[in-house]
Every structure is written in C-alpha cells, then in structure tokens.
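The values are calculated or read from the model by the stated rules, or taken from the named source; none is laboratory data. Quick caveat, the model's predicted, so the values are computed rather than measured. Note that we place each Cβ from the backbone using ideal geometry, even for glycine, and neighbour counts take in every protein chain shown. Surface accessibility is based on the protein's heavy atoms, side chains included, excluding ligands, DNA and RNA. Shrake-Rupley method; radii C 1.70, N 1.55, O 1.52, S 1.80 Å.
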Amino acid sequence: MARLRKKACVALFLFTLFIFGTMMGLRTLKPSDGFSDLAPGLKLLPVAAERMDRRSVSSEVVVSPIHVHAITNSKVVYTNSSPEGDIYYDVHIFYYTWFGTPKLDGKYIHWDHVLVPHWDPKIAASYPKGRHTPPEDIGSSFYPELGPYSSRDPDILESHMEQLRAAAAGVLVLSWYPPGMADDNGEPTEDLVPSLLDAAHRHGIKVAFHIQPYKGRTDRTVHDNIKYIIDKYGNHGAFYRFKTSTGKILPLFYIYDSYLTPPEDWANLLSSSGSHSLRKTPYDGVFISLIVEERHKDDIVSGGFDGMYTYFASNGFSFGSSHQNWKAIKTFCDINNLMFIPSVGPGYIDTSIRPWNNHNTRNRVNGKYYETSLQAALMVRPEIVTITSFNEWHEGTQIEKALPKKTLTRMYLDYLPHKPDLYLELTRKWAEQFNKEKEQWLM
C-alpha cells in the first residue's frame, strides 16, 4: 500500500511539473491584465523604466488611407502594394543600422553590448557584469545567419532588402539620429542613409524615419530634423510618402518616446496655429506618436499628432502594447480622426544584455506568438501594421534569418524545427491576408 502511495505521489508530481512547463511555454499567448516592471527598449532609470491591394499611382508615391489634420473623412482609395503586387506598403518594419565590425568600422559595435546593471545594487550584485566579446559571444540570445555584421557592408544591405522583399514588408522604418549623434552604445550612422535608400530603391522598398530621443531633443530640434530629412532625402525614389484623400502627398514620421516632450510643446510644432508649425508648409507630414500609457491618448491629441503606434512587441508590457486595449485605442483614434498603428513582433528576450529581466521574456512558441499578435492587429482593422522588428537582435524581436549555434560558453536560441526564414514567410502570409481583408472592409 505504501509503495502504491509512493508511485501515485511521483506520478502526481510529474503531472504537475508537465502542466507547469506547458503553462509557462504558452503564457505569452494571453493578454496580461497587469503591467510588467520594464517595457523592452525603454531606457532605464534608478526608479523605473524611462521613459497597408490596388496599384500605386506611381513607383515613387504610395497612396494609403490616412487621417491628417484639415483632411475630411471622405473615402480614400487604397493603393497598398508595389507595381508588381508582391510587397505591401501598409506593412512597416522597424530597422537598425547601429551594427559594426572591425573590418569595416574598426571595432565591433553593438554586438559587444554591455551587460546593463540593474538599478538596485543588491539585485545587480547577483548578475554578471562586463560586455560581450564577438564574434562567438554577441549581445543577443539568437545568432544571425549572416554572422555579426556591419551595417556599412553593401552586401549586408542587399541581403536585408532581399529578406524584406521576401517578407512582403514594403516600408523600412529607419531608426534615426541626427548627424553626429547616436545611442549610448553606438556610433553615428546618419551617413549610411544614402546607401540604405539606394539599396531599398533597387528592391522597390520605401524608407520612413523613426526619430529617436537623442540628447537635447525638443519640438524645435525636431522641426530642424524634419527640414533636414526632407531637404536631403525627400526627392529620393525610396523616400516614403502618403497620398491623402485631398490629394496631398506627405512623408510619414514615427516619433519614438514622444511622451518625453510636453504636449503643449508638440502643439507648437504640429498644430496649425503653433509658433513654429510645420502645417501647410513644405515640411508638413504625418506625425505618429508613441503610446505607452493610457493617459498619453489625450496628450497625443492635444499635441497635434496624426496618429499613434505602440512599438513594443510584448503583449502586456504597457497599456499601448496590450492586445486587449487595441479595440478601445482604435475607437478613440477614430473619434479623434487619428490613425492607430498597432505594432506586432515575434517575441521578446533581452537577457543577453539585461540578465535580470527574464520575467519580461515573451516566448516565440514556434511562431504562434507572432501569428497571435498579427491576428490581434487585424481584428481592429488598422490602416498600417508595424513590425518590431527586422533586426533588433539585443531584444530578440528580429525576424531576420537566424541559425542554430553553440560555442564553448553559449547556446543560442534558434527557429528550429523551422528554417531560418520562418518569420519572413509568416510576415508575407499575414501581409497578404491583411490586404485581402482590407478589400473586404471596403466592400
């Protein structure tokens, strides 16, 4: 009898362990009711984390349904695909040019990312310090098929454009800093923009700009940034623009961490009566603000923005990134004549650079997490969907090809049992589905 009880206990323990493991693997497929301690990509402070198939009018202008200031709600003609119809300009994907190698840059840049310490010294003491040592040890939980590359390598740019074309993602959204400026772990890369535009143009891909929160960014400096970008790149064939329902052709800009600037300051730039307004000038555009917290909705309206995006590829990290809130956000945007652009991603894991942040990992579940996110985005009938990301390797949100790799000290994650192009294929599948559904929405 005692032996039977012992066997029953062992069986019960194993069953409980199986259930626990299964729940942990699938936990990311459900929306979170609360908020995590740290949203991926947010800068750190000691107290918390810091804060769209019809043909184009021409090969140079993308026409898309869009709400902008002083534009009526009259019906807009959708023209979302390339002339060949194999990529879609309502699928935007965030892209980074901050990577470097000794051969082309004199040293490894970003692949050797520092291990970011926790702001609590007691917690920080329990985790490793230092930085990664490429090429075998890189600042990522995955390993790129192309190896740790330089963003300056023309062959890398060609491969990336081929992958984007394979994924049917028509607009590359470039993480952009002004000349001479960079993120805390990188080097200035604004000089790479011409080469990127040329490579994109050869593949029929458009480029939009994702203005980052560089040191000293204000509404006035953004005014200068917009003028610089349009003056320097606005005539390039790859420069991305919308054609509005009134016939206006306007560039589109994403403003990352826009909440760091007060809405009244943004209004000086983005409202028609602002002291240095871009409206009704040669530098007018479509300006998309980041929504993180619920209170940001009203700030985005009063700041004069044309829409909002969520960036973070993690369901439950913030109000904006939580799928369960997207319907309400979309309704708010419709009422206020704004675009809502949800951001989706294949997963999230940044423990290679923030080793203490494991609780914020979002498992890929062999592509299921990505497809669940894409389905959630389509449910709210957006005009554009953004993907986070093509190549943000540090936070494990990349859809770029990755391969299995094991070294003496590292075992990298991979896309097995699928091929390295799994997430490119899933992106094309859902881009095609997105545009099929759009045709039905118009009927």
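Restricting attention to region 99-131, and to residues there that are aliphatic (A, V, I, L, M) and in a loop (DSSP other than H, G, I, E, B), which single residue is farthest from residue 392 (Cα to Cα)?
So in region 99-131, the residues aliphatic (A, V, I, L, M) come out as 104, 109, 114-116, 123-125.
From what's left, in a loop (DSSP other than H, G, I, E, B): 115-116, 125.
Numbers: 115: 16, 116: 16, 125: 27 Å.
Filtering first and then ranking leaves 125.
Is region 406-413 home to any residue that is open to solvent by 10 Å² or more (accessible area, probe 1.4 Å), in contact with a helix residue (DSSP H, G or I) (Cβ under 7 Å, 6 or more places away or on another chain) and of a type outside the set (A, V, I, L, M)? Full working, then the answer.
We begin by selecting, within region 406-413, every residue open to solvent by 10 Å² or more (accessible area, probe 1.4 Å); these are 406-411, 413.
Next, from what is left, pick out any that are in contact with a helix residue (DSSP H, G or I) (Cβ under 7 Å, 6 or more places away or on another chain): none.
No, region 406-413 contains no residue that is open to solvent by 10 Å² or more (accessible area, probe 1.4 Å), in contact with a helix residue (DSSP H, G or I) (Cβ under 7 Å, 6 or more places away or on another chain) and of a type outside the set (A, V, I, L, M).
Has region 260-270 got any residue that is under 19 Å from the mean Cα position of the chain (by Cα) and closer than 17 Å to residue 178 by Cβ? Full working, then the answer.
Initial filter on region 260-270 (under 19 Å from the mean Cα position of the chain (by Cα)): 260.
Applying the additional criterion that residues be closer than 17 Å to residue 178 by Cβ yields 260.
Among the residues of region 260-270, at least one is under 19 Å from the mean Cα position of the chain (by Cα) and closer than 17 Å to residue 178 by Cβ, which makes the answer yes.
When you go through 220, 241 one by one, which is the residue that is open to solvent by 20 Å² or more (accessible area, probe 1.4 Å) and under 23 Å from the mean Cα position of the chain (by Cα)? Walk me through it before giving the result.
Numbers: 220 fails: under 23 Å from the mean Cα position of the chain (by Cα).
Within the list 220, 241, the selection yields 241.
Can you tell me which residue in region 193-216 is nearest to residue 286 (Cα to Cα), limited to those that are open to solvent by less than 10 Å² (accessible area, probe 1.4 Å) and of a type in the set (Gly, Ala, Ser)?
Restricting attention to region 193-216, the residues satisfying the condition of being open to solvent by less than 10 Å² (accessible area, probe 1.4 Å) are 193, 196-197, 199-200, 205-211.
Keeping just the survivors that are of a type in the set (Gly, Ala, Ser) gives 199-200, 208.
Working: 199: 24, 200: 21, 208: 11 Å.
Across region 193-216, the extreme among qualifying residues is 208.
Any idea which residue in region 329-351 is nearest to the chain's Cα centre (by Cα), counting only those that are more than 11 Å from residue 307 (Cα to Cα) and open to solvent by 10 Å² or more (accessible area, probe 1.4 Å)?
Taking region 329-351 as the starting set, the residues that turn out to be more than 11 Å from residue 307 (Cα to Cα) are 331, 335, 343-351.
Now narrow it down to the ones that are open to solvent by 10 Å² or more (accessible area, probe 1.4 Å): 331, 335, 349, 351.
Values: 331: 22, 335: 25, 349: 14, 351: 18 Å.
Among residues in region 329-351 that are more than 11 Å from residue 307 (Cα to Cα) and open to solvent by 10 Å² or more (accessible area, probe 1.4 Å), the one nearest to the chain's Cα centre (by Cα) is 349.
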Of the residues in region 369-392, those that are part of a helix (DSSP H, G or I), touching a strand residue (DSSP E or B) at 6+ places or on another chain (Cβ under 8 Å) and acidic (Asp, Glu) come to none
* Filter result for residue 106 (at pLDDT 95 or above and of a type outside the set (Asp, Glu)) -> yes
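Could you look through region 295-328, keep only residues that are among the polar types (S, T, N, Q) and under 27 Å from residue 371 (Cα atoms), and pick out the one that is most open to solvent (accessible area, probe 1.4 Å)?
Within region 295-328, the match that is most open to solvent (accessible area, probe 1.4 Å) is 324.
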Matching residues in region 352-378 (under 30 Å from residue 436 (Cβ atoms) and open to solvent by 30 Å² or more (accessible area, probe 1.4 Å)) number 7
Output for Cβ contacts, cut-off 8 Å, separation at least six or different chains, first residue within 16 Å of residue 376 (Cβ to Cβ) in region 427-443, second open to solvent by less than 70 Å² (accessible area, probe 1.4 Å) and hydroxyl-bearing (Ser, Thr, Tyr), reads 431/88; 434/88
For residue 118, the lone unmet condition from (1) surrounded by fewer than 21 Cβ atoms within 10 Å (Cβ to Cβ); (2) under 30 Å from residue 435 (Cβ atoms) is (2)
Exercise. Out of all the residues in region 133-140, is one or more of a type in the set (Gly, Ala, Ser), surrounded by 22 or more Cβ atoms within 10 Å (Cβ to Cβ), under 16 Å from residue 395 (Cα atoms) and touching a Gly at 6+ places or on another chain (Cβ under 9 Å)?
Worked result: yes
Reported set for region 313-335 where residues are in a loop (DSSP other than H, G, I, E, B) and of a type in the set (A, V, I, L, M) is 313
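Could you grab me the full set of residues in region 176-192 that are in contact with a His (Cβ under 7 Å, 6 or more places away or on another chain) and buried (at least 17 other Cβ atoms within 10 Å of the Cβ)? I'd like the intermediate steps shown before the answer.
First, the residues of region 176-192 that are in contact with a His (Cβ under 7 Å, 6 or more places away or on another chain): 176, 185-186.
176, 186 - these are the residues of region 176-192 that are in contact with a His (Cβ under 7 Å, 6 or more places away or on another chain) and buried (at least 17 other Cβ atoms within 10 Å of the Cβ).
Quick check on region 164-175. Is at least one of its residues at pLDDT 95 or above, among the hydroxyl-bearing types (Ser, Thr, Tyr), surrounded by fewer than 22 Cβ atoms within 10 Å (Cβ to Cβ) and under 25 Å from residue 416 (Cα atoms)?
In the first step, residues of region 164-175 are kept if they are at pLDDT 95 or above; the result is 164-175.
Keeping just the survivors that are among the hydroxyl-bearing types (Ser, Thr, Tyr) gives 175.
Subset that is surrounded by fewer than 22 Cβ atoms within 10 Å (Cβ to Cβ): 175.
Keeping just the survivors that are under 25 Å from residue 416 (Cα atoms) gives none.
No, region 164-175 has no match at all.
When region 332-350 is examined, which residues are found to be on the phi < 0 side of the Ramachandran plot, of a type outside the set (A, V, I, L, M, F, W, C) and touching a Phe, Trp or Tyr at 6+ places or on another chain (Cβ under 9 Å)? Step through it out loud before you land on a result.
Pass one, region 332-350, residues on the phi < 0 side of the Ramachandran plot: 332-336, 338-346, 348-350.
Cutting the leftovers down to of a type outside the set (A, V, I, L, M, F, W, C) gives us 334, 336, 342-343, 345-346, 348, 350.
Of everything in region 332-350, those that are on the phi < 0 side of the Ramachandran plot, of a type outside the set (A, V, I, L, M, F, W, C) and touching a Phe, Trp or Tyr at 6+ places or on another chain (Cβ under 9 Å) turn out to be 334, 342, 343, 345, 346, 348.
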Matching residues in region 260-289 (open to solvent by less than 40 Å² (accessible area, probe 1.4 Å) and not in a strand (DSSP E or B)) number 14
